[in-house]
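> Dropping a structure here in structure tokens format, bear with me for questions.
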Amino acid sequence: MLVFEGLFAGYGGGDILKGVDLVIEEGSVTCVVGPNGAGKSTLMKVVSGLLHPRVGKLEFQGQSIAKATPRQILKAGIVQIMQARNLFTELTVRENVELGAFLIKDSSVVAKRLDEVCDMFPIVAQRAKDRAGALSGGQQRMVEFARALMMDPVLVALDEPSMGLEPRSAQIIYDSIATMNKNGRTVLLVEQNVRAGLSLASHGVVMEAGRVRLEGTGAEVLANPQMRALYLGGTIEEGQGVASSTGVGAGAPAFGNGS
Amino acid sequence: MTTLHAGTAPAELLRPVEAERAFRDPFEPSKRSRATAWVALFALLAAFPIVFSNPAVTSIGVFTMMFLVAAIGWNIFSGYSGYVSIGHAVYYGFGQYAVALLIEHWHVTPGASELAIIPLGGIVAAAVAVPVGLILLRVRKHTFIVLTIAAMFIFQLLAFNFAGFTGGSAGTNVVSPPWTGTVFNLPFYYIGLGAAILALLVSWGIRRSKYGLGLLAIRDDEDRAKGLGIRVTRAKLIAYVASAFFVGIAGGLYATFVGAVYPQFAFDPTYDLAIAVMVFVGGLGTLPGPVLGALVLAPIQQYFYIQFGASTLYLIIYGILFIVILLTLPAGVVPSISDRYRSWMASRQRRREEATPTVGGAMPVTVPAGPVGIDDGGAR
């Protein structure tokens with residue numbers, strides 16, 4: 001559904017993504033993990049059209065979106081929920097959610113979707129007239145999810161949705177992601193909470209230094225000792241890790257420069 | 001012996017209260033009472049020059065109408081988009097010059113047909129606002145303010161220097177209509193009032209529309225607005241042109257009423273200060289804000305102007321007022337007061353609830369709501 005091939009991108013000070021090859025299958029929950037600076041957030045920026053790849057292929061449903069604007073990508077069916085606080089804090093909850101459907105001209109469709117997201121996220125109806133900034137962090141995340149679903153997206157890209165939330169709220173977020181997926185949406189997820197992210201995922205991806213280093217099912221990646229090495233400050237040696245989950249149990253991992 | 005006390009009230013008891021609170025703001029005036037207030041206000045304004053027919057008073061009334069139109073227009077752009085323009089005098093000036101020069105070149109007979117030219121002041125101003133806006137709106141908020149001031153001085157210098165066309169510092173004159181006595185001011189007053197009503201309807205329509213919601217999103221966070229597919233430059237430009245139109249109308253009204261147009265009064269650096277103070281006092285980005293600000297401050301400003309002659313003392317008072325308001329009530333007088341009224345009403349209601357023993361003096365208890373709801377305590 002979403003294909004990255006030999007993708008390079010950066011902000012002018014050199015490339016952050018250095019040849020990303022990744023295929024996101026329709027109906028999957030793909031979770032990307034990796035240490036800070038691995039290029040996870042940059043990957044999300046490329047998917048949302050805020051950053052264009054320098055070279056490489058980026059295709060969504062067979063169409064190149066490498067040069068597409070955020071507006072075109074939104075219309076194509078990819079909605080992104082970005083890192084950290086994302087609402088218009090001075091506007092009401094309802095206005096925030098309505099803005100999610102800004103590109104939909106038919107007001108009856110907007111009204112119908114609004115009903116649907118209110119059913120899914122009761123907070124939207126309960127606090128409709130309150131300023132979004134007056135909600136707690138977890139509640140704001142719920143409103144963001146509601147806003148994202150107003151476009152009825154095919155693919156939902158989430159950048160660290162649990163960031164700054166206590167475990168109970170984070171669990172509700174993960175449940176909502178699972179529900180979205182059950183309703184037929186493909187999910188691309190970047191997560192710092194590796195265990196929670198990967199247990200949710202049908203497909204796990206480990207990024208390091210701007211490249212994909214490990215791939216497999218969520219459980220496989222989670223069980224891979226090399227993953228642990230990576231998080232304790234090691235690197236995956238070339239030729240050993242780039243393969244998929246078959247690397248499980250492949251000898252002693254590089255614990256060398258661990259903490 | 002009662003078993004219910006704070007913290008142990010069953011959740012079911014509290015749920016309906018919470019749901020009710022959420023759906024309707026009990027302190028918000030109903031649609032009907034708001035409409036009634038508007039109609040009453042404009043009826044009063046329409047009756048004003050008939051009741052107080054002294055020309056000295058109605059003359060202040062005409063200037064007040066000019067500020068009213070301009071303030072409502074200015075707020076459409078600066079209030080809703082958050083881009084504060086301190087250079088809308090450009091459109092005040094273009095409105096003045098367009099109307100004065102068209103009357104001169106077309107040899108319009110003094111009287112009612114002169115007044116028919118006033119809308120052209122707005123149209124010329126709007127036409128100028130398209131290219132100027134496209135250039136100025138390339139930059140973000142703070143830089144934008146600086147650029148608007150620069151643009152205003154550029155046009156003032158042009159008006160001084162293209163003397164063959166504008167009359168330069170000698171100005172351009174408009175022959176006043178041949179009416180006399182107490183009726184002279186009335187046509188100007190009612191044209192101003194009519195334009196103000198039109199401006200208010202446009203402002204109201206924009207505020208209620210999806211387009212207007214997009215403008216408010218830009219005010220809040222332009223990048224996020226872009227991320228939701230809003231064409232930000234186009235949205236800002238439309239509002240900019242609409243506001244220029246109404247400020248141009250105010251300029252046209254000025255030219256025909258005063259009968260003389262000078263570069264330093266047409267492209268007047270203090271004009272935007274006056275408008276901005278009115279809108280900030282009333283409430284930036286609200287519908288009634290500019291109306292209230294203009295109706296209160298414009299007559300005071302005119303009174304000062306008459307009392308202290310051509311001295312600029314009133315401008316000093318104005319500047320001080322602006323600073324005081326920005327420091328104490330940055331959201332404007334109307335929103336701040338309505339916020340305080342709300343919290344006062346809410347606390348009064350809470351006290352009343354605490355006094356009634358039916359809920360067992362329950363403290364607000366958080367209720368987990370619905371299938372996927374988070375309620376970790378309301379406000380951060």
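The values are calculated or read from the model by the stated rules, or taken from the named source; none is laboratory data. Predicted model only: the values in this text are computed from it and were never measured. Positions of Cβ are generated from backbone atoms using ideal geometry, with glycine treated the same way; all protein chains shown enter the neighbour counts. The area values use the complete protein model at the heavy-atom level, side chains included, leaving out ligands, DNA and RNA. Shrake-Rupley method; radii C 1.70, N 1.55, O 1.52, S 1.80 Å.
> On full extension of the chain, what length is gained from B:R340 through B:N161, given 0.36 nm per residue of separation minus the C-alpha to C-alpha distance?
59.3 nm
> Right, here's the next one. Residue by residue through A:122-130, how many Cβ atoms from other chains fall within 10 Å of the Cβ on average?
What the average comes to for A:122-130 is 6.
> Would you pull out the residues with amide H under 5 Å of A:G19's amide H, same chain only if 5 or more places away, H placed 1.01 Å from N?
It is A:L7, A:F8, A:A9, by chain and number.
> Then there is this: Excluding A:A66 itself, what net charge comes from residues whose Cβ is under 11 Å from its Cβ, given Lys and Arg +1 and Asp and Glu -1?
Its environment carries a net charge of +1.
> Taking the Cα atoms only, what angle lies between the long axis of helix B:89-105 and the longest principal axis of chain B, rounded to 10 degrees?
Compared with the principal axis, the helix lies near 40 degrees.
> Next up: Peptide A:161-169: average number of partner chain Cβ atoms within 10 Å per residue?
1
> Out of A:L103, A:L51, A:L188, any idea which swings most in a Gaussian network model of chain A, alpha carbons joined below 10 Å?
A:L103
> Please name which of B:G168, B:G293, B:V132 has its Cα lying farthest along the dipole of the range B:52-338 towards the positive end, using unit charges on Cβ (Lys, Arg +1; Asp, Glu -1) and the Cα centre as origin.
Of the options given, the answer is B:V132.
> Sort the range B:232-330 into rounded, prolate or oblate with this rule: let a ≥ b ≥ c be the square roots of the eigenvalues of the Cα gyration tensor; rounded if a/c is under 1.5, and if a/c is not under 1.5, prolate when a/b is larger than b/c, oblate otherwise.
Since a/c reaches 1.5 but b/c is at least a/b, the shape of the range B:232-330 is classed as oblate.
> In nm, give the distance between the simple-model label positions of A:A223 and A:N183, each being 7 Å from the Cα along the Cα-to-Cβ direction.
3.3 nm
> Taking every DSSP beta bridge with both residues inside the protein assembly as shown, roughly what % is antiparallel (nearest 5)?
In the protein assembly as shown, DSSP labels about 55 percent of beta bridges as antiparallel.
> Cβ neighbours within 10 Å, averaged per peptide: list A:22-31, A:144-153 in order, most packed at the top.
With the highest mean Cβ count within 10 Å placed first, the list reads A:144-153, A:22-31.
> State to the nearest 20 debye the size of the charge dipole of the range A:34-171 about its Cα centre, where the only charges are +1 on K and R beta carbons and -1 on D and E beta carbons.
For this selection, approximately 400 debye.
> Is the range A:83-152 rounded, prolate or oblate when judged by the Cα gyration tensor, a ≥ b ≥ c being the square roots of its eigenvalues, rounded requiring a/c under 1.5 and prolate requiring a/b larger than b/c?
Prolate, since a/c reaches 1.5 and a/b exceeds b/c.
> While we're on this one: What angle do you read, to the nearest 10 degrees and between 0 and 90, between the alpha-carbon axis of helix B:269-282 and the longest principal axis of chain B?
Once rounded, the angle reads 30 degrees.
> With an 8 Å Cα cut-off and a minimum separation of 6 or more residues, compute the relative contact order for chain A in percent.
That works out to 23 percent.
> Provide the net charge surrounding B:W38, with neighbours chosen by a C-beta distance below 12 Å and charges set as Lys +1, Arg +1, Asp -1, Glu -1.
Net charge around B:W38: +3.
> Once neighbouring chains are kept in place and the probe is 1.4 Å, which whole percent of the accessible area of the protein assembly as shown is contributed by carbon and sulfur?
That fraction is 63 percent.
> In addition: List the accessible area buried at the contact between A and B, summed over both sides and calculated with a 1.4 Å probe, in Å² to the nearest 100.
3200 Å²
> I would also like to ask the following. Between A:V23 and B:I149, how many nm apart are label points set 7 Å from Cα along the C-beta direction?
6.0 nm
> Follow-up. If packing is taken as the average count of other Cβ atoms within 10 Å, what order do B:79-86, B:185-192 fall into, highest mean first?
B:79-86, B:185-192
> Something else: Round to the nearest 10 and give me the degree value, 0 to 90, for the angle of helix A:137-149's Cα axis relative to the longest principal axis of chain A.
Approximately 80 degrees, to the nearest ten.
> So, one more: Compute the Kirkwood hydrodynamic radius of the protein assembly as shown, taking the inverse of the mean of 1/r over all pairs of distinct Cα atoms, and give it in Å to one decimal.
28.3 Å is the Kirkwood radius here.
> Also, I was wondering about something else. Given an 8 Å cut-off on Cα distances and at least 6 residues of separation, report the relative contact order of the range B:52-338 as a percent.
After rounding, I find 36 percent.
> Averaged across the residues of B:214-221, what count of C-beta atoms belonging to other chains lies within 10 Å of each residue's C-beta?
If you average over the peptide's residues, the count of other-chain Cβ atoms is 5.
> Further question: Once each part is reduced to its C-alpha centroid, what is the distance from the range A:191-217 to the range B:288-355 in angstrom?
56 Å
> For the pair B:A46 and A:Q61, how long in nm is the line joining their label points, each one 7 Å along Cα→Cβ?
5.4 nm
> When Lys and Arg each count +1 and Asp and Glu each count -1, what net charge do the other residues less than 13 Å away from A:M82, Cβ to Cβ, add up to?
+2
> Report the relative contact order of the range A:83-152, percent, no decimals, based on alpha-carbon pairs under 8 angstrom and at least 6 residues apart.
Averaging sequence separation for qualifying contacts and normalising by length gives 51 percent for the range A:83-152.
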